[in-house]
Amino acid sequence: AEGGNAEAGKTKSATCAACHGADGNSTNPEWPKLAGQHPSYILKQLMNFKNDERVNPSMTPMAKPLSDADMADLAAYFSSQTKKLGEADQTKAVLGEQVYKGGNNATGVSACAACHGPTGAGNPAAKFPSLNGQHVTYIKNQLYSFRKGERANDAGKMMRNIAAGMTDVEIDAVAEYISGL
Ligand code: HEM
Ligand code: HEM
């Protein structure tokens, strides 16, 4: 995938496993699951951390020493793993589903499903990440970060514009819904 070699990636992933899990399913909900994520998206994120377009105190030092070949191998490895799915809080998921599938016309929030797909599978060709089964805390942190403009590696401000229109309640609800997809 994206020219990477999953076997070589496995060898290179030992330090990543400490946070993202040996099987790509992190246990700490602030650390994203990488299992099953599109290689094109993983590669973009690693390049963005390396060139400071996306900044994080844990990830920046991890990405700096990686070569293009290392990143492609790691992307191939993590994408080949199987993501463990989650279960949504059904009370919050009702509003979450509404936002995910229909957005919010009144505040100009686009439907998430338009880009991330009805099942949260994303779109590898467009580098839209898969979201289904991701940790609630991680999703919320990313949406807050886009809203504040701290995460600014989304081409065309696609996510910053959407998050800017979302309330805390909508963010909480949509994160719950996504975690159960
Ligand atoms: C995010 C890969 C090591 C903690 C990410 C992302 C990727 C990645 C691709 C972005 C995921 C997404 O956008 O969905 C890797 C690789 C590693 C590695 C290939 C080894 C070379 C680590 C380690 C830690 C860590 C050792 C903990 C000390 C995190 C955190 C985030 C993250 C906290 C989220 C950052 C944010 O909130 O923006 N990692 N990782 N990673 N990783 Fe790693
Ligand atoms: C990334 C949620 C709508 C395009 C993300 C991420 C989250 C998210 C949580 C970060 C994933 C990660 O770090 O692993 C949502 C929600 C939406 C929504 C809740 C609806 C309210 C959209 C729409 C588009 C879009 C409509 C397309 C116009 C993208 C792209 C990225 C992304 C391109 C990756 C940015 C990058 O390259 O780093 N989204 N999204 N999203 N989303 Fe959305």
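The values are calculated or read from the model by the stated rules, or taken from the named source; none is laboratory data. The shown structure was predicted, so the numbers you read here are calculated from the model rather than taken from an experiment. Here the Cβ positions follow ideal geometry from the backbone for every residue, glycine too, while neighbour counts run over all protein chains shown. Note: accessible area is taken over every heavy atom of the protein model, side chains too, but ligands, DNA and RNA are not part of it. Shrake-Rupley method; radii C 1.70, N 1.55, O 1.52, S 1.80 Å.
Can you find even one residue in segment 49-63 that is in contact with a Lys or Arg (Cβ under 8 Å, 6 or more places away or on another chain), under 29 Å from Lys148 (Cβ atoms) and basic (Lys, Arg)?
yes
Looking at segment 75-116 only, could you name the residues that are within 15 Å of Glu170 (Cβ to Cβ) and among the charged types (D, E, K, R)?
The answer is Asp89, Lys92, Glu97, Lys101.
Which numbered condition trips up Ser40, out of (1) more than 9 Å from ligand 1 (Cβ to nearest atom); (2) part of a loop (DSSP other than H, G, I, E, B)?
(2)
Residues being within 8 Å of ligand 2 (Cβ to nearest atom) and either among the aliphatic types (A, V, I, L, M) or open to solvent by 30 Å² or more (accessible area, probe 1.4 Å) (or both): count how many of those fall in segment 166-181.
Here the count works out to 5.
Look through segment 11-32, keep the residues that are within 8 Å of ligand 1 (Cβ to nearest atom) and charged (D, E, K, R), and return whichever of them is surrounded by the fewest Cβ atoms within 10 Å (Cβ to Cβ).
Looking at the filtered set, the residue picked out is Glu30.
So is Ala69 hydrophobic (A, V, I, L, M, F, W, C), part of a loop (DSSP other than H, G, I, E, B), over 16 Å from the mean Cα position of the chain (by Cα) and away from ligand 2 (no atom under 11 Å from the Cβ) or not?
It is false that Ala69 is hydrophobic (A, V, I, L, M, F, W, C), part of a loop (DSSP other than H, G, I, E, B), over 16 Å from the mean Cα position of the chain (by Cα) and away from ligand 2 (no atom under 11 Å from the Cβ).
With the condition kept exactly as written, say whether any residue in segment 79-87 is part of a helix (DSSP H, G or I) and on the phi < 0 side of the Ramachandran plot.
yes
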